[in-house]
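The values are calculated or read from the model by the stated rules, or taken from the named source; none is laboratory data. Keep in mind it's a predicted model, so treat the numbers as computed, not measured. Methodologically, a virtual Cβ is constructed for each residue, glycine included, from the backbone with ideal geometry; neighbour enumeration extends over all protein chains shown.
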Amino acid sequence: MARVLLFGRLGDIAGWRDQVIEADTLTKLLGRLIEADPGLGEALKAPGVQVALDQVLVRGDRPLTASSEVAYLPPMSGG
Amino acid sequence: MIQLQIAPFDPGTLLSAFCKDRQEIGAVASFTGLARAEQGQTLALELEAYPGFTEGQIAACLETARTRFGLVDAYIVHRIGKIAPGEAIVFVATAASHRRAAFEACDFLMDYLKSRAPFWKKEIGADGHRWVEPRDQDHVDIARWETP
C-alpha cells in the first residue's frame, strides 16, 4: 500500500493528485496505475518522468510499505 | 534559508532583512524574478511544488554553492500557487566576503532554479493553459557551470 502523488500534467491527465493504492512494489504499483487508466499509464512511461520514494529519487523496483509515499514527477518546469 | 510561499512578497523588505546586522559580510547580491504578461497572453502562472522534496533539492544546490563559491549565507523565497503578471515569483540573495562570490553564487542558484528545481509551472491564458518546460536557453545557462 502506498500514498501516490502525481504532479504537473500527470495530475491533470489522471484527474487526481493524491490517492492511496494497494501495491507492495513500485513495479506492481505502476502496473495497477496502467491497468486502471491507460492514458495515465502512457504519460507515466513517457521519457523524463522520475519517481521519488519517500522523497528520494529512485530507479528500478523497490518494495513498498503501508507508510510509503510514491511521487511521479514529470519533467520539471523550473521556477 | 529556503522558503516556499503562496503569499506575495516585497523583495525590498526581504533584502533589507537579509542585510541587517552583518559585520563581516562585504557583499550581498540579489535577484528578483517577476511574472511576465507576454503581451497579455498570460493571465496568470500557477506553480506547483512537492513540499519537502522541493526544499530538499534546492538545499542540496545551496550546499554546492556554499562550497563552490565560498558563499556565507543565502536566502531563497519562491512563490507557489497562482501568480499574477508583474508579481515577484522568486527572490534570491547571497552573502559572501567579497562581491565576485556573491554575484556568481546568485547567478548559479538562479540558473539552477530556472532549469532543474522541482517546480511544475502552468501558464494560464485566455484560451486555456499549458505546462511549461525549461527553454533551451535555460539548459544552456545551467550548462555553463558544468564546464570548468
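For the stretch B:73-84, the criterion of being in contact with a Cys (Cβ under 6 Å, 6 or more places away or on another chain), over 25 Å from A:G11 (Cβ atoms) and not in a loop (DSSP other than H, G, I, E, B) is satisfied by no residue at all.
Scanning the stretch B:1-37 for residues that are among the small types (G, A, S), touching a strand residue (DSSP E or B) at 6+ places or on another chain (Cβ under 7 Å) and either surrounded by fewer than 15 Cβ atoms within 10 Å (Cβ to Cβ) or under 18 Å from A:S77 (Cα atoms) (or both) yields B:G33, B:A35. Residues in the stretch A:65-79 that are of a type in the set (S, T, N, Q) and more than 21 Å from B:Y112 (Cβ to Cβ) were compared, and the one that is farthest from the other protein chains (Cβ to nearest Cβ) is A:T65.
Of all residues in the stretch A:41-64, those being modelled with pLDDT of 95 or more, more than 14 Å from every other protein chain (Cβ to nearest Cβ) and out of contact with any strand residue (DSSP E or B) (no Cβ under 8 Å at 6 or more places or on another chain) number 2.
Can you name the residue in the stretch B:118-148 that is surrounded by fewer than 18 Cβ atoms within 10 Å (Cβ to Cβ), out of contact with any strand residue (DSSP E or B) (no Cβ under 9 Å at 6 or more places or on another chain) and hydrophobic (A, V, I, L, M, F, W, C) and, of all such residues, is farthest from the other protein chains (Cβ to nearest Cβ)? This residue is B:A126. So, in the stretch B:101-148, exactly how many residues are part of a loop (DSSP other than H, G, I, E, B), over 26 Å from A:Y72 (Cα atoms) and in contact with a Gly (Cβ under 9 Å, 6 or more places away or on another chain)? Result for the stretch B:101-148: 1.
Is there a residue in the stretch B:32-45 that is in contact with a helix residue (DSSP H, G or I) (Cβ under 8 Å, 6 or more places away or on another chain) and not in a loop (DSSP other than H, G, I, E, B)? Checked against the condition, which is being in contact with a helix residue (DSSP H, G or I) (Cβ under 8 Å, 6 or more places away or on another chain) and not in a loop (DSSP other than H, G, I, E, B), the stretch B:32-45 yields at least one hit.
Matching residues to (1) charged (D, E, K, R); (2) within 11 Å of another protein chain (Cβ to nearest Cβ); (3) within 25 Å of A:L6 (Cβ to Cβ); (4) exposed (fewer than 15 other Cβ atoms within 10 Å of the Cβ):
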residue: B:Q39; (1), (2), (3), (4): no, no, no, yes
residue: B:E46; (1), (2), (3), (4): yes, yes, yes, no
residue: B:A49; (1), (2), (3), (4): no, yes, yes, no
residue: B:L62; (1), (2), (3), (4): no, no, no, no
residue: B:I80; (1), (2), (3), (4): no, yes, yes, no
residue: B:T94; (1), (2), (3), (4): no, no, no, no
residue: B:M110; (1), (2), (3), (4): no, yes, no, no
residue: B:R116; (1), (2), (3), (4): yes, yes, yes, no
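The C-beta contact set for the stretch B:12-23 (first residue outside any helix (DSSP H, G or I), second residue of a type in the set (D, E, K, R), distance under 9 angstrom, 6+ apart or interchain) comprises B:R22/B:D73. Examine the stretch B:61-79 for a residue that is among the basic types (K, R), in contact (Cβ under 8 Å) with a residue 60 or more places away in the chain and touching a Leu at 6+ places or on another chain (Cβ under 8 Å), and state whether such a residue exists. Within the stretch B:61-79 (the criterion being among the basic types (K, R), in contact (Cβ under 8 Å) with a residue 60 or more places away in the chain and touching a Leu at 6+ places or on another chain (Cβ under 8 Å)), the answer is yes, since at least one residue qualifies.
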